[in-house]
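Taken together, the values in this text are just the output of simple stated rules run on the coordinates, not laboratory data. Bear in mind that the values here come from a model prediction, so they are computed numbers and not experimental data. As a convention, Cβ positions derive from the backbone with ideal geometry for all residues, glycine included, and neighbour counts pool all protein chains shown.
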Amino acid sequence: MDAFSGILYNLRKRHSNSLPYTYTGKIVIAVNPYRWLPELYERETQATYVDAVESDVKDSLAPHVYSVSAIAMAELKKGKGQSILVSGESGAGKTETVKILISHLAFISSEMGGGEVLQVGIYLFQKLLLSEE
């Protein structure tokens with residue numbers, strides 16, 4: 001089995017088990033499940049990924065888009081500029097993924113003290129709107 005076939009096999013297997021996220025290196029691949037999976041987006045899950053990044057044990061957790069937002073915010077705290085690229089075909093779930101990322105970034109901001117939550121949310125939403133043009 002070549003590498004490409006292995007990736008497709010893994011994506012198909014995870015998708016059939018309602019696990020839409022897969023890592024390939026530092027990249028998170030998301031396969032649209034075409035339904036909401038509430039157990040993946042609970043507040044406890046959000047906090048778990050923030051704690052894992054801060055404790056440097058993120059590799060012990062299942063792949064999730066929250067790892068991307070948690071790492072980005074951790075690097076921002078260190079003064080390093082960050083960008084998150086969400087790419088895919090029409091109907092792939094890009095807008096939904098960005099909403100999930102923004103929600104998690106707002107959660108992290110609120111845990112940091114909350115003063116910047118509204119500003120961060122407005123800024124991120126404006127960037128989302130601009131990217132959709």
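Here are some pairs, K13/K77; K13/K78; K26/K99; which of them have Cα atoms lying more than 26 Å apart in this structure?
Numbers: K13/K77 36 Å; K13/K78 37 Å; K26/K99 21 Å.
With Cα atoms farther than 26 Å apart: K13/K77; K13/K78.
Convert each backbone phi in the range 73-88 into a coupling constant with the Karplus relation 6.51 cos²θ - 1.76 cosθ + 1.60 (shift: θ = phi - 60°), then list the ³J(HN,Hα) values in order as whole Hz, x for Gly and Pro.
So the Karplus estimates, Gly and Pro as x, are 5, 4, 5, 4, 4, 7, x, 9, x, 9, 9, 10, 9, 10, 10, x Hz.
Most exposed first by the Cβ proxy, i.e. fewest other Cβ within 10 Å, how do R35, R14 rank?
Placing the least packed residue first, the sequence is R35, R14.
Pull out a ≥ b ≥ c, the square roots of the eigenvalues of the alpha-carbon gyration tensor of the range 8-50, then state rounded if a/c is under 1.5, prolate if not and a/b is larger than b/c, and oblate in the remaining case.
Here the range 8-50 falls in the oblate category.
Across the range 47-64, in residue order, what do the Karplus-derived ³J(HN,Hα) couplings come to in whole Hz, using 6.51 cos²θ - 1.76 cosθ + 1.60 with θ = phi - 60° and x for Gly and Pro?
Values, residue by residue: 5, 4, 6, 5, 4, 5, 5, 5, 8, 6, 10, 4, 5, 7, 9, 5, x, 7 Hz.
Could you line up R43, R12 from fewest to most neighbouring Cβ atoms inside 10 Å?
Taking fewest neighbouring Cβ atoms as first place, the list is R43, R12.
Listing I84, I100, I7, I108 from the residue with the fewest other Cβ atoms within 10 Å to the one with the most, what is the order?
I7, I84, I100, I108
Show me the GluC sites (Glu not before Pro) within the range 1-70 that DSSP assigns to loop and that have at most 15 other Cβ atoms within 10 Å of their Cβ.
Hits after loop and neighbour filter: E42.
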